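Presented below is the structure to which this report refers.
The values are calculated or read from the model by the stated rules, or taken from the named source; none is laboratory data. Every value quoted in this text rests on a predicted model; they were computed, and no experiment measured them. Cβ coordinates were reconstructed from backbone atoms using ideal geometry, including for glycine residues, and neighbour counts include every protein chain displayed. Heavy atoms of the whole protein, side chains included, go into the accessibility calculation; ligands, DNA and RNA do not. Shrake-Rupley method; radii C 1.70, N 1.55, O 1.52, S 1.80 Å.
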Amino acid sequence: MSAVIQDTREQKTLVSLRNLNKHYGDFAAVDNINLDIQDGEFLTFLGSSGSGKSTTLSMLAGFETPSSGEILVDGKSLVNVPSHKRGIGMVFQRYSLFPHLNVRDNIGFPLAIRKQAAGERERRVEAMLKLVQLEQFAHRRPAQLSGGQQQRVAIARALVYEPRILLMDEPLGALDKKLREDLQDELRHLHRRLGITIVYVTHDQEEAMRLSQRIAIFSHGKIVGLGSGYDLYQNPPNAFVASFLGNSNFLKVKAQGNAAATFEGQALAIRPTAGLQDGQDLVLMVRPEKAQVLTPDQASLSPLAAGWNEIQAKVAETVFLGESLTCSVVTASGTHLTLKELSGATQPLQPGAPVRVRWAAADACVYSEWNESDLSKAAGAH
Ligand code: ADP
Ligand code: MG
């Protein structure tokens, strides 16, 4: 894991969503969202289909009216400002380019309808063609371009009138994986060069991680996690985020004091957690790469370090993946864990072989509230 680079620029709130709601009849598509978006940041809304990402973005763009709540930009309400006066650019999954116009005229279209002088218009369109590296394609029509090139035209068209905020709703969703990754890198670089604020929507966690400075995780119309990808992955605020972002293992334990718990009758060290009652049900979450799998022989040669835990299990399956291998194990009470080891660190283990699983108490998150469905979702993801 690379070091976290601290951004020393001063943070200033550009957009505030305050108690924002969107109801369709009885149904809350967006359920009381509060969020501050920093000037110049790349923020991604990540969540499964139907979680309210697009509806939130559409209210920001001005395509949907909130049922209640406020949208502020620089402290001023946007709710009664029409879409085209918000200084916001928008890119969708469907490129919605004009098929009869060439690349240059597609990009210049927003300036033409804003009646901008021809000279200035040409200058800006040229700058955009350069920015998205489509100078040689300026005379082509959309049908003569690849999907990735069409999406670059759509991005240039959204940026040509120099909006302060660019909203993107699954803009790469229709492209294949390799092209998507190339465009993700381009977008990240573009954001750095332009310094504008980008709010991006995706259901793809890897894409969110690659692109964003911060991620807002959506579930059922609410934001249930907010932070850098690094923080959300290392220290998920709740079991839902832990199971949604990356793979996770959950162990049901009972609290003993505020830094210990029991699992299958055995004492474990846990992160000190305030306010625990003895015997209280807790869930521990350990990432697959944070735990070690040892054979009993290896374990007896290597004493358990202070602050570490060890439990016994049997191998269910190992899968070799090249640089790493995953080892699924099951404990005496039937808890399944999936662990990721670097190849070479572990001998391929046969199903049924006894093993010891170790992890540092500091690496396991402690949750006192969870949904069973989050835990089973996580198990199903392996
Ligand atoms: P996402 O972009 O996260 O996939 P959306 O914001 O598009 O989700 O939708 C959130 C929820 O609101 C979904 O359950 C969707 O069916 C519902 N929804 C969206 N638009 C409408 C509408 N015009 N009428 C009724 N329900 C809607
Ligand atoms: Mg959507």
* Structure fact -> Note on segment 118-127: residues over 34 Å from the mean Cα position of the chain (by Cα) and either outside any helix (DSSP H, G or I) or among the small types (Gly, Ala, Ser) (or both) are 118, 119
* Quick one: which of 130, 115 is part of a loop (DSSP other than H, G, I, E, B) and open to solvent by 50 Å² or more (accessible area, probe 1.4 Å)? -> 115
* To do: Go through (1) open to solvent by 40 Å² or more (accessible area, probe 1.4 Å); (2) modelled with pLDDT of 95 or more; (3) part of a strand (DSSP E or B) one by one and return the number of the condition residue 313 breaks.
  => (1)
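Taking the condition of a type in the set (Gly, Ala, Ser), farther than 30 Å from residue 66 by Cα, in a loop (DSSP other than H, G, I, E, B) and without any contact (Cβ under 8 Å) to a residue 24 or more places away in the chain, does residue 267 pass?
Judged against the criteria, residue 267 is not a match.
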* Quick check: is even one residue across segment 46-62 charged (D, E, K, R) and either in contact with a Ser or Thr (Cβ under 7 Å, 6 or more places away or on another chain) or within 16 Å of ligand 2 (Cβ to nearest atom) (or both)? -> yes
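Quick grid of which residues meet (1) open to solvent by 60 Å² or more (accessible area, probe 1.4 Å); (2) assigned by TED's automatic domain parsing to the domain that holds residue 43; (3) of a type in the set (Gly, Ala, Ser):
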position: 178; (1), (2), (3): yes, yes, no
position: 185; (1), (2), (3): no, yes, no
position: 193; (1), (2), (3): yes, yes, no
position: 196; (1), (2), (3): no, yes, no
position: 203; (1), (2), (3): yes, yes, no
position: 207; (1), (2), (3): no, yes, no
position: 220; (1), (2), (3): yes, yes, no
position: 228; (1), (2), (3): no, yes, yes
position: 259; (1), (2), (3): no, no, yes
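Which is within 16 Å of ligand 1 (Cβ to nearest atom) and not basic (Lys, Arg), of 215, 165? Before the answer, list the steps.
Values: 165 fails: within 16 Å of ligand 1 (Cβ to nearest atom).
Exactly one of 215, 165 is within 16 Å of ligand 1 (Cβ to nearest atom) and not basic (Lys, Arg), namely 215.
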* Given the residues 282, 304, 276, which is the only one that is assigned to a loop (DSSP other than H, G, I, E, B), more than 24 Å from the chain's Cα centre (by Cα) and surrounded by 15 or more Cβ atoms within 10 Å (Cβ to Cβ)? -> 276
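What about residue 100, is it more than 16 Å from ligand 2 (Cβ to nearest atom), out of contact with any helix residue (DSSP H, G or I) (no Cβ under 7 Å at 6 or more places or on another chain) and closer than 21 Å to residue 171 by Cα? Spell out the reasoning first.
Numbers: more than 16 Å from ligand 2 (Cβ to nearest atom): yes; out of contact with any helix residue (DSSP H, G or I) (no Cβ under 7 Å at 6 or more places or on another chain): yes; closer than 21 Å to residue 171 by Cα: no.
When the stated conditions are applied, residue 100 does not pass them.
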* Does residue 333 meet the test of being open to solvent by less than 30 Å² (accessible area, probe 1.4 Å) and touching an Asp or Glu at 6+ places or on another chain (Cβ under 9 Å)? -> no
